[in-house]
Amino acid sequence: MSQSEAPIDPENDPDADLVGFLEDVLADSQGMWVRVFDDAGLEYRPTNLVLITGFTQSQRGRARSTSRST
């Protein structure tokens, strides 16, 4: 999905189960890193999940070309 395209409606997304699973994994991972950083007296800056679909050319050959953030 390019930046100008509307996000996929979760109810119509054929990958909704996979996206939900990845969101859960990311949330668990970030929760762990928040605790690790807190214990070290540091601040953890959370990341966003970006899913990539499609292909384009890159300097190293074919690469995924479109993405969506959740």
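Tabulated data
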| item | result |
| --- | --- |
| Computed E for Asp15/Ala40 - FRET, C-beta separation, R0 35 angstrom, nearest 0.05 | 0.45 |
| Sorted by Cβ density within 10 Å, fewest first, the residues Ile8, Ile52 | Ile52, Ile8 |
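Every read-out reported here was derived from the displayed coordinates using simple, explicitly stated rules and does not represent laboratory data. Quick caveat, the model's predicted, so the values are computed rather than measured. Counting neighbours? That spans all protein chains shown, and the Cβs are built from the backbone with ideal geometry, glycine included.
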